[in-house]
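A.B. asks: Pasting in a structure now, in structure tokens, and then I'll have a few things to ask.
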Amino acid sequence: MGRLSSHGRGALRRAPALRHLPPRVALFQLRAHALALRLGDQFSLDSAARPGQLAELLRLAHGRRRIVELGTATGWTTVSLALGAPQAHVLSADPVVQPNRERYLQLAPTSARERIELVRAPGAAAATGDAEPVDLLFIDSSHERDATVDEWHAWSPRLAGGAVVVLHDYGHPQFPGVAEAVDHLGLRGRTVDGMFVAGG
């Protein structure tokens, strides 16, 4: 048997961490990771949500109909939410279209892509065009205090009863603005694997 390529070795190293994800999500994550290695896309490899974080997000997404993600980046989490919550419509907003985003989205089956709506706008601005009640709001955008506060104020009137809000990179030393926003807003919740979860 021939030696595994560096792509294959990277995928194998990532595989054990994916065991708690639904199979279709784990498969997408492996394929996206392998593609990122082939493309030399360090941004995606560094910024993608960790498998443990995805597992918690998908647990929170179970049974929810409307999911909003602020901060699409290259779409790994966007696709994972659509795959892991097959009943949900996923709206994802980002003012910047990252290189290779479409290539990652094409790794998802058509049935998942059809439930993804991409909006090119900052997180707060994206709320002006969306009137549907939101069951899960995932904030993973600028990580700056004022922008995060603005996103909360823009989207909180649109939250459905029993909705959950998740803020990524809470407590991360490189992104103090997330914790500062949570403190400023006086949010109550819990921390899970570098995320702040309010509600649920």
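A.B. asks: Percent antiparallel among DSSP beta bridges with both residues in region 49-198, to the nearest 5?
C.D. replies: Rounded to the nearest five, the antiparallel share is 30 percent.
A.B. asks: Shifting gears a bit: Give me the one-decimal nm value for the distance between modelled label points at Arg113 and Leu39, 7 Å along each residue's Cα-to-Cβ direction.
C.D. replies: 1.4
A.B. asks: Between Asp183 and Ala160, what FRET efficiency follows from the Cβ-Cβ distance if R0 is 25 Å, with the result rounded to 0.05?
C.D. replies: That gives a FRET efficiency of 0.50.
A.B. asks: Just how large is the dipole of the chain about the Cα centre, in debye to the nearest 20, putting +1 at every Lys and Arg Cβ and -1 at every Asp and Glu Cβ?
C.D. replies: So the dipole magnitude of the chain works out to roughly 1120 debye.
A.B. asks: Which is farthest toward the positive dipole end of the chain among Phe175, Val119, Leu37, measuring Cα position about the Cα centre, with Cβ charges +1 (Lys, Arg) and -1 (Asp, Glu)?
C.D. replies: The residue sitting farthest along the positive end of the dipole is Leu37.
A.B. asks: For the chain, what relative contact order do you get, as a whole percent, if you take Cα pairs closer than 8 Å and at least 6 residues apart?
C.D. replies: Result for the chain is 17 percent.
A.B. asks: OK, next. Roughly how tilted is helix 145-155, in degrees to the nearest 10 and between 0 and 90, from the longest Cα axis of the chain?
C.D. replies: 80
No value in this document is a laboratory result; all are computed from the given coordinates. For clarity, every value in this text was computed on a predicted model and none was experimentally measured. Here the Cβ is made from the backbone with ideal geometry for all residues, glycine too, and neighbour counts use every protein chain on show.
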